[in-house]
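**Student:** I have a structure I would like to understand better, so I am pasting it below and will then ask my questions one at a time.
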Amino acid sequence: MSPAKAILFDLDGTLLDTLQDLTDSGNEVLKARGFPPHSLCDYRRFVGSGMAQLVHDIFPVGNQPTTEDEVQTILREYRDAYARNWKNTTRPYPDIPETLDQLFARGIPCGVVSNKPHDYTLLCVDAFLGRWPWGIVLGHRAQHPRKPDPDGALEAAGKLGVAPADCLFVGDSDIDMQTAVNAGMRGIGVTWGFRDPEELLAAGAERIVKTGQELLELV
């Protein structure tokens, strides 16, 4: 297999460990509405499909929002909570800074494609990953489909000037691997994120990497 020419990264669970701040924000919403909290482990399953889906899934069956107005109300509550919590504990994963240093030093075009709302994606990348010259950063934008729809990944590859087949899509969830398949990219699953390797392989991962060094060997 020839080396890849560019890399697109998922954000939460791939570049940044955001799980505690996402968990605390969701549990604030639940507590305010009289529902019990979930564990950190539970939120590993809730994260990945975007905030609107998360605020649906954290509620017990039978108490989940059923109308668009209910979803939007709870989504505003969650966004307010996340605005207070987003940088309390969030950090790049330990191996990420050194890996990005080497990628950018070698001139490998890199971008971010996330289901996190676009404004928070930009905020987190600027705060925690801002010293690297990203070619493109995309979160979920209104009127644009979420991953695993390939539109965002294909838009990002076009911006980087690389054919989809020459691009790695690196992520920690089945959603990311499905995105890679749908976009005609090479899906690379990481073991340090929110989901298990078996799930990533079942969703179409070409390879699972355990370290940044293993990822560097693919470009």
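**Student:** Determine the dipole magnitude for the chain: charges of +1 sit on the beta-carbon of Lys and Arg, -1 on that of Asp and Glu, nothing else is charged, the reference point is the Cα centre, and the result goes in debye to the nearest 20.
**Tutor:** Dipole size: approximately 340 debye.
**Student:** For the chain, what is the calculated [θ] at 222 nm in deg cm²/dmol (nearest 500), taking -39500 (n - 2.57) for each run of four or more DSSP H residues and dividing by its residue count?
**Tutor:** -13000 deg cm²/dmol
**Student:** Which values of log₁₀ I(q)/I(0), to two decimal places, follow from the Debye formula for segment 100-219 at q = 0.13 Å⁻¹ with a uniform point scatterer at every Cα?
**Tutor:** -0.48
**Student:** With Kirkwood's inverse mean 1/r over C-alpha pairs for Rh, give me the Rg to Rh ratio of the chain, two decimals please. Write out the running numbers ahead of the final one.
**Tutor:** Working: Rg = 16.9 Å, Rh = 17.5 Å.
Radius of gyration over Kirkwood radius for the chain works out to 0.97.
**Student:** Next question, about the same structure. Check Asp149: other-chain or 5+ apart residues with amide H under 5 Å from its amide H, H built from backbone geometry?
**Tutor:** none
**Student:** Shifting gears a bit: Just check segment 132-188 against the gyration tensor rule for me: Cα atoms, a ≥ b ≥ c as the square roots of the eigenvalues, rounded for a/c under 1.5, and otherwise prolate or oblate depending on whether a/b exceeds b/c. Please report the intermediate quantities before stating the final value.
**Tutor:** On the way: a/c = 1.39, a/b = 1.03, b/c = 1.35.
It comes out rounded by the Cα gyration axes.
**Student:** Moving to a separate point now. Can you flag which of Lys5/Lys159; Lys31/Lys87; Lys87/Lys116; Lys87/Lys159 are past 24 Å Cα-Cα? All intermediate terms of the calculation are to be shown ahead of the outcome.
**Tutor:** On the way: Lys5/Lys159 13 Å; Lys31/Lys87 21 Å; Lys87/Lys116 15 Å; Lys87/Lys159 29 Å.
Flagged as over cut-off: Lys87/Lys159.
**Student:** Which semi-axis lengths, in whole Å and largest first, follow from the square roots of five times the eigenvalues of the Cα gyration tensor of segment 19-85?
**Tutor:** 16, 13, 12
Bear in mind that the values in this text are calculations on the coordinates, not laboratory data. For clarity, every value in this text was computed on a predicted model and none was experimentally measured. Note that we place each Cβ from the backbone using ideal geometry, even for glycine, and neighbour counts take in every protein chain shown.
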